[in-house]
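The numbers here are math on the coordinates, done by the rules we state, and not lab data. Predicted model only: the values in this text are computed from it and were never measured. Glycine gets a Cβ as well: all are built from the backbone with ideal geometry, and neighbour counts include every protein chain shown.
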Amino acid sequence: QSTRALVALQQPVTAHQPAANVQQLTQLDIVPMQAIKCVVVGDGAVGKTCLLISYTTNAFPGEYIPTVFDNYSANIMPINLGLWDTAGQEDYDRLRPLSYPQTDVFLVCFSLISPASYENVRAKWYPEVSHHCPNTPIILVGTKLDLRDDKDTIEKLREKRLAPITHLQLLGQPATQILSLQMLVYRAFYMGTCNTPQGMTMAKEINAVKYLECSALTQKGLKNVFDEAIRGVLCPRPRASKKSKCNLL
């Protein structure tokens, strides 16, 4: 289903090339492709499916249809990146963990225009994936980057005394303070007493290997999300305990 072609790195062999090159190319041809399983989780409607479809097909999908479960694939030599889409709705809380065994990396997503989805990273998604896959790397992804500066979106949030998730937070206030997230974001965005990156603060709190923002519509930052997912598996940061793949408990 992916339009991303397998990249051929070898050059054609000609009669003028030394025999050693022929042997090297033969060895490249038989190198097995490494499979990486990447599972995407997050609240419903934060843009998980759009993220995957935009990346694998270079096209932004139209009407929103809630996901049950789906798989996509992107071949990036010598990597086969298997992308697993999951349903964020509570109705699938029991079924969703069946997608987790043998996961190599998680993309935990929230919408930059939904403070509730940001809070659920801490309240729901990190506890869930860390319970089932305690040693699997996590990349925290803020979606819908194109809407963060959209005037209509900002106005709708303002009416609810909310604001987009920006790189700003109250000066000197930890992310875990009892003060409600809604008021924290509202005061930070509109009162100007700001300092600490919210996304980076959350990433540190959940021990994510990376915090990234992207737009599936404009594709800004999109490729980098999956590049970092691959890098997080191939070049894992040192851990105190031995890394193992996800097992269903």
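Quick notes on this structure:
- Using the average count of surrounding beta-carbon atoms within 10 Å as a protection proxy, the listed peptides 105-115, 147-157 rank, highest first, as 105-115, 147-157.
- Alpha-carbon centroid distance for the pair region 85-129 / region 143-159, whole angstrom: 23 Å
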